[in-house]
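Okay, so here's the structure we're looking at.
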Amino acid sequence: MTAGDLAWALEKGERVRQLDFVTGKAGWLLLATADGQGTELLKSTDGGSTWQQVPIVASGSNE
């Protein structure tokens with residue numbers, strides 16, 4: 001996901017729940033889905049130019 005893709009996700013109604021850069025390049029972004037029923041976790045290793053979705057596994061899951 002590029003910064004442009006992220007802008008598009010925000011335009012369609014997804015909301016930033018939390019954004020945290022732990023270094024100048026490494027960051028985490030938590031998005032609420034447009035319908036408010038889900039959450040997406042993304043990480044960046046290049047200062048926010050691109051974002052990769054990180055799978056969220058429910059606690060107690062066997063995966």
inquiry  = Return the pair list, or none, for Cβ contacts closer than 9 Å from residues in segment 40-57 that are over 14 Å from D20 (Cα atoms) to residues that are acidic (D, E), at least 6 apart or on different chains.
reply    = E40/E14; T50/D5; Q53/E40; V54/E40; P55/E63; I56/E40; V57/E63
note = Flagged in segment 10-31 as in contact (Cβ under 8 Å) with a residue 24 or more places away in the chain and over 10 Å from S44 (Cα atoms), in numbering order, are E14
task = May I ask you to list the residues in segment 31-48 that are within 14 Å of M1 (Cα to Cα) and either open to solvent by 70 Å² or more (accessible area, probe 1.4 Å) or of a type outside the set (S, T, N, Q) (or both)?
result = L31, E40, L41, L42, K43, T45, D46, G47, G48
key: strands (runs of 3 or more DSSP E) wholly inside segment 1-46 that include at least 2 residues being charged (D, E, K, R)   = 15-21, 39-44
query = If you go through segment 8-32, how many residues are within 12 Å of the chain's Cα centre (by Cα) and not aromatic (F, W, Y)?
reply = 14
ask   = Just a yes or no: is a residue in segment 53-60 open to solvent by less than 60 Å² (accessible area, probe 1.4 Å), of a type outside the set (G, A, S) and either at pLDDT below 90 or over 19 Å from K12 (Cα atoms) (or both)?
value = yes
Segment 49-63, subset within 9 Å of the chain's Cα centre (by Cα) and among the polar types (S, T, N, Q), residue farthest from A3 (Cα to Cα) = Q53
Unmet requirement for D5, which otherwise passes all of (1) open to solvent by less than 80 Å² (accessible area, probe 1.4 Å); (2) at pLDDT 90 or above; (3) among the charged types (D, E, K, R) = (2)
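The values are calculated or read from the model by the stated rules, or taken from the named source; none is laboratory data. No experiment lies behind these values; they were computed from the predicted model shown. Positions of Cβ are generated from backbone atoms using ideal geometry, with glycine treated the same way; all protein chains shown enter the neighbour counts. SASA here: full protein model, heavy atoms, side chains in, ligands and nucleic acids out. Shrake-Rupley method; radii C 1.70, N 1.55, O 1.52, S 1.80 Å.
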